1. Please indicate, with yes or no, whether at least one residue in the range 159-170 is touching a Gly at 6+ places or on another chain (Cβ under 9 Å), touching a residue at least 12 places away in the same chain (Cβ under 8 Å) and open to solvent by less than 30 Å² (accessible area, probe 1.4 Å).
2. Is it fair to say residue 173 is at pLDDT 95 or above and either out of contact with any Ser or Thr (no Cβ under 7 Å at 6 or more places or on another chain) or surrounded by fewer than 16 Cβ atoms within 10 Å (Cβ to Cβ) (or both)?
3. Is it true that some residue in the range 125-134 is within 23 Å of residue 41 (Cβ to Cβ) and either modelled with pLDDT under 95 or not in a strand (DSSP E or B) (or both)?
4. Among the candidates 95, 121, single out the residue that is more than 19 Å from residue 61 (Cα to Cα), part of a helix (DSSP H, G or I) and open to solvent by 60 Å² or more (accessible area, probe 1.4 Å).
5. Can you tell me which of 33, 61, 23 is out of contact with any His (no Cβ under 7 Å at 6 or more places or on another chain), among the basic types (Lys, Arg), open to solvent by 30 Å² or more (accessible area, probe 1.4 Å) and more than 18 Å from residue 226 (Cα to Cα)?
6. Are any residues in the range 129-158 touching a His at 6+ places or on another chain (Cβ under 8 Å) and buried (at least 18 other Cβ atoms within 10 Å of the Cβ), and if so, which ones?
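The values are calculated or read from the model by the stated rules, or taken from the named source; none is laboratory data. If you're wondering where the values come from, they're calculated on a predicted model, not measured in any experiment. Positions of Cβ are generated from backbone atoms using ideal geometry, with glycine treated the same way; all protein chains shown enter the neighbour counts. In case anyone asks, the SASA skips ligands and DNA or RNA and just uses the protein heavy atoms, side chains included. Shrake-Rupley method; radii C 1.70, N 1.55, O 1.52, S 1.80 Å.
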Amino acid sequence: MDRRDEIAASLTAVSGRIDAACRAAGRPRDEVRLLAVTKTFPATDAALLTDLGVTGLAENRDREAAAKAREVARLRPEAGVRWHMVGRLQRNKARSVARWAAEVQSVDSLRLVDALARAVRTAQDAGERDAPMDVLLQTSLDDDPARGGCPVDGLGRLAEAVARESDVLHLRGLMAVAPLGADPEPAFERLARAAEALRRDHPGATEISAGMTGDLEQAIGYGSTCVRVGTALLGGRGLASPQHG
């Protein structure tokens, strides 16, 4: 089996899992999008995913992502890839991320909101991007500062900061990672409640990005609209982290 066939078989299996989870939750299949996490895998794998119809790709480190986005654009110039940043983001990387990311799912501080807004404006002025950046607020479900995320009780203030930058940042919803080594369902239930509260003040913030290879079914059961899958699509990775795949 060559690499394309291997990825195609994995994509079929993952799509089947999403289909089944949507049926079990009584949700339309088109409510849940698949985001392929390509971190630590080569641009050729990302290009093969686009050949199979997957154009939502995600990375968690700017340095790797910036180079990979350029290479995929060279390999598949007509693919229309939409790149997402899902890892923790330092403010000094905002300028680079604004050049390649359509969406940042890991916004968790007021200072990062400011940095991204400035970076997007600069990129637009330089002709490096022509659209605002979509933003998801990363929500901490375990109060572990090492894993990033804004505490649930701070989401309102953070959302207002993004809303004030609506000319360059579009608030799309929430992202979260389930706590390590614990039943993910209570965490996803908490996330669903936080998302409902956010929508009361920001009706357009309808996205919930939750669920990965090991827990996508539970996340879909609690309203996830975006599952971030790496391992089940592309295999194990030597540099894997527990956060976003």
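1. Taking the range 159-170 as the starting set, the residues that turn out to be touching a Gly at 6+ places or on another chain (Cβ under 9 Å) are 170.
With the extra rule that they be touching a residue at least 12 places away in the same chain (Cβ under 8 Å), the set shrinks to 170.
Filter once more, so that each one left must be open to solvent by less than 30 Å² (accessible area, probe 1.4 Å): none.
Taking every residue of the range 159-170 in turn, none turns out to be touching a Gly at 6+ places or on another chain (Cβ under 9 Å), touching a residue at least 12 places away in the same chain (Cβ under 8 Å) and open to solvent by less than 30 Å² (accessible area, probe 1.4 Å).
2. Details: at pLDDT 95 or above: yes; either out of contact with any Ser or Thr (no Cβ under 7 Å at 6 or more places or on another chain) or surrounded by fewer than 16 Cβ atoms within 10 Å (Cβ to Cβ) (or both): no.
The answer is no for residue 173.
3. Of the range 125-134, the ones within 23 Å of residue 41 (Cβ to Cβ) are none.
There is no residue in the range 125-134 that is within 23 Å of residue 41 (Cβ to Cβ) and either modelled with pLDDT under 95 or not in a strand (DSSP E or B) (or both).
4. Working: 95 fails: more than 19 Å from residue 61 (Cα to Cα).
The conditions single out 121.
5. Values: 33 fails: more than 18 Å from residue 226 (Cα to Cα); 23 fails: more than 18 Å from residue 226 (Cα to Cα).
After ruling out the rest, the residue left standing is 61.
6. The first filter runs over the range 129-158 and keeps only residues touching a His at 6+ places or on another chain (Cβ under 8 Å), leaving 132-135.
Result: 133, 134, 135.
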